[in-house]
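So the structure is just underneath, and the comments pick up after that.
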Amino acid sequence: MQNKMDTVFAEALSLILSGDKELYFIALTSLRFSLISILIASFISIPLGILLHFYSFPLKRALVSILHALMALPTVVIGLLVFSFISRSGPLGQLNLLFNPSGIIIGQVILASPILTSLVYSGLSKLDPRFHETLITLAARKADILRASLTEARFVIISAVLAGFGRVIGEVGVSMMLGGNIRWYTRTMTTTIALETSKGNFELGLSLGLILMTVALLINGTTHMLVKPEV
Amino acid sequence: MALFSIEGLRFSYTAEYRGKKAPAVLEIDRLEINAGKIYVLLGSNGSGKTTLLKLMNRLLLPTKGSICFQDEDILTGSTLRQRTVYVHQNPLLFSGTVYSNVAYGLKLRKFSHREVQQRVHRTLKVVGLQGFERKRSSALSGGEAQRVAIARALAVEPEVLLLDEPTSSIDKDSIGKLEQLLAAIQRDYGCTIIISSHNLPFAYRMGDTLIKLEDGRLVPTGQNILKGHMSSAKAGNRIFQVCEPPGGPPGRPAIFCPDIDGHFTTAVIDYDRILLSDEPLHSSAQNCFKGTVYSFTAYDGPEQSSWNSPGLVDVTLDVEGRLITSRITRKSLEELALSPGDKVYLSFKASSIRLY
């Protein structure tokens, strides 16, 4: 058994080192989808987190609570929800978004947005209350306060984006349900690992697992490095 | 014209508390602050010092009443923000360098790059931190951080500097440096400095005027605070020479004080340590002066009403051009039959004087 695992591991490494085309296509597809999703989510969520922090409005607390709850939303539930909208019989069925990259990206944006919004809002809220007062007393206007707050909270915002990216690149439910795991098209690292493992093809699954782990470690390391100066 | 004039001010942090109107943490009927002086707000923790400073800088908004800065209501006027700066008890520095911190207010005011540089260097020199421009703000000690915060405030050359408990987080040596710094700021920049503190020696030494707060209300300090310096000892007695302005030429009166070594600049005599008499007293009190009654102020502090005792009266006298106040009972006032302009003798012991 040990011998077999060693062989599988060696073959997985050999797949990575040999530059297997399909392996790298899948890895790059995953990265591409995740980067696009997190970029779109950032454009939506960072301003939303800032608005939540700087403005008071009725039901703000309720909205923050909902956002916090949505951070733990299971990916299959998002997949199911988006599926019901973009499937042929759904209201957006005409757009042919199902089983193509756009479907995955929509699902991943929905997955990442609450995480990013919550983390940006929390990060800004954790700024010392003296920070705002210091800016005001030095005659900073609203735009100056916003700029200074973003500069001061930049590490928290970047680490929020990285946390969202980590969540998106590691999800399987959305990619499987909305992308359909189509070879050379919508197949991502996580869907491939799930599929190949169920087929008993451990080598490809393990090699992708190693790449995924490396990406996760890089994200964690970068986040740690960025947040460290704040501690 | 008063720099700040406060009328009917009331402040509470919440509108309601358990269904009732929330109690006011600060209630001031009237207060005026004049330009060019150092004011010290004295009071214990929770007496309302920080609240008052923040209200004066519009960091908090009054629940009721008005605060005018240079005859302009601070809620509607625009001059206050450009001319006053508040420095926190434990000042917060922005991440980055000392230079970027000190330059912040100047950049907001759109000063040219050259002028920003010049002002930052000059201000850092004033606070004794020349050469610190490139240091990270996170690498500074508590005292250095405070001086950078003062430099940041000073760089915009405000008319009023509001300092909240500047002595609370620094050691004794740094307090001495801070006192020198504040004196230099007032001398070089001519700005009005309003400081909150519960450090009595610091307050006596620094304050031209002391404002005492208790439970959010103004109360008389009950002390004569005389600025001056020690002159040479005569026949075993030390003499404190009152000078106005502080540091100016020797003035009068010359006061016998305790035989303690030191370069004291402030003598404090409690109102109730000064006796009034219509004849010079032959007693152990070394200090006896002839004065002219200037004014009377009824003193009905909370301790009097709680003891249900008759009120006291603060009698202010002109002694050789200085105003000195004595606190006596109404009965004594009636017995002495004093009225403004009357001549009267005041006596106090050398040992009743506290030197700072």
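Per the conditions (1) at pLDDT 90 or above; (2) in a loop (DSSP other than H, G, I, E, B); (3) of a type outside the set (A, V, I, L, M); (4) over 18 Å from the mean Cα position of the chain (by Cα), the sole criterion not satisfied by B:PRO166 is (4).
If I ask for residues that are touching a residue at least 60 places away in the same chain (Cβ under 8 Å) and exposed (fewer than 11 other Cβ atoms within 10 Å of the Cβ), which ones from segment A:1-34 would you list? If the condition is that a residue be touching a residue at least 60 places away in the same chain (Cβ under 8 Å) and exposed (fewer than 11 other Cβ atoms within 10 Å of the Cβ), then no residue fits. Residues in segment B:140-155 that are outside any loop (DSSP other than H, G, I, E, B) and either within 12 Å of chain A (Cβ to nearest Cβ) or under 10 Å from B:ASN101 (Cβ atoms) (or both): B:ALA145, B:VAL148, B:ALA149, B:ALA151, B:ARG152, B:ALA153, B:LEU154, B:ALA155.
In this structure, is A:LEU124 within 18 Å of A:LEU63 (Cβ to Cβ) and either touching a His at 6+ places or on another chain (Cβ under 9 Å) or not small (Gly, Ala, Ser) (or both)? Talk me through it step by step, then tell me what you get.
Values: within 18 Å of A:LEU63 (Cβ to Cβ): yes; either touching a His at 6+ places or on another chain (Cβ under 9 Å) or not small (Gly, Ala, Ser) (or both): yes.
Yes.
Inspection of segment B:92-109 finds a residue satisfying the criterion of being in contact with a strand residue (DSSP E or B) (Cβ under 7 Å, 6 or more places away or on another chain) and either of a type outside the set (A, V, I, L, M, F, W, C) or at pLDDT 95 or above (or both). Residue check: B:ILE38 meets all listed conditions (1) of a type outside the set (Lys, Arg); (2) over 16 Å from B:LEU161 (Cα atoms); (3) touching a residue at least 12 places away in the same chain (Cβ under 8 Å) but one, namely (2). Assessment of segment B:175-191 against the conditions (within 14 Å of chain A (Cβ to nearest Cβ) and either at pLDDT 90 or above or in a loop (DSSP other than H, G, I, E, B) (or both)) yields no matching residue. Filter segment A:51-70 for residues that are more than 25 Å from A:ARG147 (Cα to Cα) and over 19 Å from the mean Cα position of the chain (by Cα); which is surrounded by the fewest Cβ atoms within 10 Å (Cβ to Cβ)? Once the filter is applied, the top-ranked residue is A:PRO58. All of (1) in a loop (DSSP other than H, G, I, E, B); (2) away from chain A (no Cβ under 14 Å) hold for B:TYR13 with one exception: (2).
Summed over segment B:308-329, residues that are of a type in the set (D, E, K, R) and either at pLDDT below 90 or loosely packed, with under 14 Cβ neighbours inside 10 Å (or both) total 2. When residues in segment B:59-106 are screened for being within 9 Å of another protein chain (Cβ to nearest Cβ), surrounded by fewer than 18 Cβ atoms within 10 Å (Cβ to Cβ) and part of a helix (DSSP H, G or I), 1 of them pass.
Within segment B:19-29, is even one residue basic (Lys, Arg) and in contact with a helix residue (DSSP H, G or I) (Cβ under 9 Å, 6 or more places away or on another chain)? Break it down into steps so the answer makes sense when it comes.
Filtering segment B:19-29 for residues basic (Lys, Arg) gives B:20-21.
Of the ones still in play, those that are also in contact with a helix residue (DSSP H, G or I) (Cβ under 9 Å, 6 or more places away or on another chain) are none.
Checked segment B:19-29: no residue is basic (Lys, Arg) and in contact with a helix residue (DSSP H, G or I) (Cβ under 9 Å, 6 or more places away or on another chain).
Could you run through segment B:32-58 and say how many residues are away from every other protein chain (no Cβ under 14 Å) and either aromatic (Phe, Trp, Tyr) or surrounded by 18 or more Cβ atoms within 10 Å (Cβ to Cβ) (or both)? Show your work before the answer.
Let us first name the residues in segment B:32-58 that are away from every other protein chain (no Cβ under 14 Å), namely B:32-49, B:52.
From what's left, either aromatic (Phe, Trp, Tyr) or surrounded by 18 or more Cβ atoms within 10 Å (Cβ to Cβ) (or both): B:33, B:38-43, B:47-49, B:52.
Residues that pass the stated criteria total 11.
Name the residues in segment A:36-91 that are among the aromatic types (Phe, Trp, Tyr) and in a helix (DSSP H, G or I), would you? Residues satisfying the conditions are A:PHE43, A:PHE54, A:PHE83, A:PHE85.
Tally up the residues in segment A:168-187 that are in a helix (DSSP H, G or I) and either of a type in the set (A, V, I, L, M) or surrounded by fewer than 22 Cβ atoms within 10 Å (Cβ to Cβ) (or both), please. Reasoning before the result, please.
Keep residues of segment A:168-187 that are in a helix (DSSP H, G or I), which gives A:168-169, A:173-179.
Now narrow it down to the ones that are either of a type in the set (A, V, I, L, M) or surrounded by fewer than 22 Cβ atoms within 10 Å (Cβ to Cβ) (or both): A:168-169, A:173-174, A:176-178.
Result for segment A:168-187: 7.
Against the condition at pLDDT 95 or above, more than 14 Å from A:LEU178 (Cβ to Cβ) and among the small types (Gly, Ala, Ser), how does A:SER45 come out, does it pass? When the stated conditions are applied, A:SER45 passes them. Candidates A:LEU162, A:LEU146, A:LEU178: the one that is closer than 30 Å to B:GLU159 by Cβ and in contact (Cβ under 8 Å) with a residue 60 or more places away in the chain is A:LEU146.
The helices (runs of 4 or more DSSP H) located wholly in segment A:92-163 that include 1 or more residues which are at pLDDT 95 or above, surrounded by 16 or more Cβ atoms within 10 Å (Cβ to Cβ) and away from chain B (no Cβ under 13 Å) occupy A:101-125.
The values are calculated or read from the model by the stated rules, or taken from the named source; none is laboratory data. Only a predicted model underlies this, so the values are computations on that prediction, with no experimental measurement involved. Cβ sites come from the backbone with ideal geometry, for glycine too, and all protein chains shown count toward neighbours.
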